[in-house]
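Structure record follows, encoded as C-alpha cells.
The values are calculated or read from the model by the stated rules, or taken from the named source; none is laboratory data. Given the structure is predicted, the values throughout are model-derived calculations rather than measurements. Cβ sites come from the backbone with ideal geometry, for glycine too, and all protein chains shown count toward neighbours.
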Amino acid sequence: MKKVRAEVEGWPTIVLVILIFVLEDCDYHSPKEGTPTWSFFSQRDTCFLEDNFFTLPRSIEACTMIFNKSTSSDSSSTDRPEVKSPMRLDPSSSIEQDSDSEANFKPEPVVIKPIVVADHTWCAIKEVEFNVWIREDRAERIDLDDSKRVISHIYLRIEMEEAEQVIGKGLSAMKKEICKLANVFKSKSALHRLQVAELRVEFNWRVMQSGLKISSHSTAWSHYENWYFTKFRGIKRAHSDDEEYKPTDNRTPSTSPKPRDIAPRSAAHRKSVRR
C-alpha cells in the first residue's frame, strides 16, 4: 500500500487506481525444519518437477510409503508417470459455455481448494476482492483514505457490478485526459478520433475467477521451488537406507560429503613480483 500511495502522491494526474487483494486462510509459512514434511523433501535428490509435485499425495505417510517402495525396487525417487498438469485448462470444463447449451444454463461455482502436499498447505485462497478508486472532478489527486472507494468481490462470490461502473467512469476520465493532451499538440485529427471513439470494455469475471484457480497452483509451486532451492540448494547427495538424516548447526545435512581440501597454490604458480 505504501508503494501505491507514493505513486499517487508523485503522479497526481492518475485518475483510476485498482488494487486486487488476495486473502489466504492464514499467513503462509514454509515447512519448518524437523517436521516430517521437511525431512521428506530433504531426502529427495533433486527438486520435483512441477507436474510430479502435484501428483504427490496429501499425507506425508502416503508420500513416504510411495518412495520407500520405489527405493526398494531400485527406481529413481523422482521418476513419476507422466500426468496432466493442473495448470492447463480442460477444454471440456465449464469455464466456457457450449453454444448448444440452454440459455438458462448456470455453470458450477468455482471452488479453489487448499493445495496440500505432504501434509503442508502450500496455498489456500480464502477471498479475492477489488478495491477501486477514481479521482473526483476538480480534486487534486486520488485520496486513498477516502471512504468513497468501491470494494467488490470476485471470489468466493462474484459481486463486481459497482466495480465495473467505477472502472467505466475511470476509463472515460482517462479518455478526457488524453483528449487534453492531443489538444495541447494541436492535432485536430487525433482529437476528433479520440472524441468519437467509444469505450467498450466487457469483463468476463467468470473466466477471471477460473484463472485464480490456475494462479493458486502457480503460487503453490513457486512456494515449494523457492523453499527447496533456498534450503537445499537444489541438489543433494542421496541417502542410503541405513543413514539417518540429522541437520547440523549450519543447516547442511550431516550425511553430506565433506568439502574437498584445496591445497595452497605452489610457489611455482605464483606470479613473481619485480622489485
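Annotation: of all residues in region 146-195 being within 29 Å of the chain's Cα centre (by Cα) and of a type in the set (K, R), the one that is farthest from A6 (Cα to Cα) is R157. K84 meets all of the listed conditions (1) under 28 Å from W38 (Cα atoms); (2) among the basic types (K, R); (3) in a loop (DSSP other than H, G, I, E, B); (4) at pLDDT 65 or above but one, namely (4).
Restricting attention to region 143-175, the residues that are assigned to a helix (DSSP H, G or I) and closer than 29 Å to I112 by Cα total 8. Only one of the numbered conditions (1) part of a loop (DSSP other than H, G, I, E, B); (2) at pLDDT below 85 is violated by A190, and that is (1). Could you say whether any residue in region 123-139 is more than 19 Å from F21 (Cα to Cα), assigned to a loop (DSSP other than H, G, I, E, B) and modelled with pLDDT of 90 or more? For region 123-139, residues more than 19 Å from F21 (Cα to Cα), assigned to a loop (DSSP other than H, G, I, E, B) and modelled with pLDDT of 90 or more: present.
In region 197-213, of all residues being modelled with pLDDT under 85 and out of contact with any helix residue (DSSP H, G or I) (no Cβ under 9 Å at 6 or more places or on another chain), the one that is nearest to V150 (Cα to Cα) corresponds to R200.
For K231, are the conditions met, namely being in a helix (DSSP H, G or I), of a type in the set (K, R), surrounded by 14 or more Cβ atoms within 10 Å (Cβ to Cβ) and on the phi < 0 side of the Ramachandran plot?
Against the criterion (in a helix (DSSP H, G or I), of a type in the set (K, R), surrounded by 14 or more Cβ atoms within 10 Å (Cβ to Cβ) and on the phi < 0 side of the Ramachandran plot), K231 qualifies.
Count, please, the residues in region 193-224 that happen to be touching a residue at least 12 places away in the same chain (Cβ under 8 Å) and closer than 30 Å to C47 by Cβ.
Adding up the residues that qualify gives 12.
A single member of E50, E33 is over 30 Å from I142 (Cβ atoms) and surrounded by 15 or more Cβ atoms within 10 Å (Cβ to Cβ), and it is E50. Annotation: of all residues in region 130-145 being crowded, with 17+ Cβ neighbours inside 10 Å and either of a type in the set (D, E, K, R) or farther than 22 Å from Q209 by Cβ (or both), the one that is nearest to the chain's Cα centre (by Cα) is W133. Does region 33-42 include one or more residues that are hydrophobic (A, V, I, L, M, F, W, C), part of a loop (DSSP other than H, G, I, E, B) and more than 24 Å from K126 (Cβ to Cβ)? No, there is no match, as no residue in region 33-42 is hydrophobic (A, V, I, L, M, F, W, C), part of a loop (DSSP other than H, G, I, E, B) and more than 24 Å from K126 (Cβ to Cβ).
For the residues D119, D98, D145, D90, the requirement of being among the acidic types (D, E), under 22 Å from L49 (Cβ atoms) and modelled with pLDDT under 95 singles out D90.
Among the residues of region 146-175, those identified as surrounded by 13 or more Cβ atoms within 10 Å (Cβ to Cβ) and of a type in the set (K, R) are R149, K169, K175.
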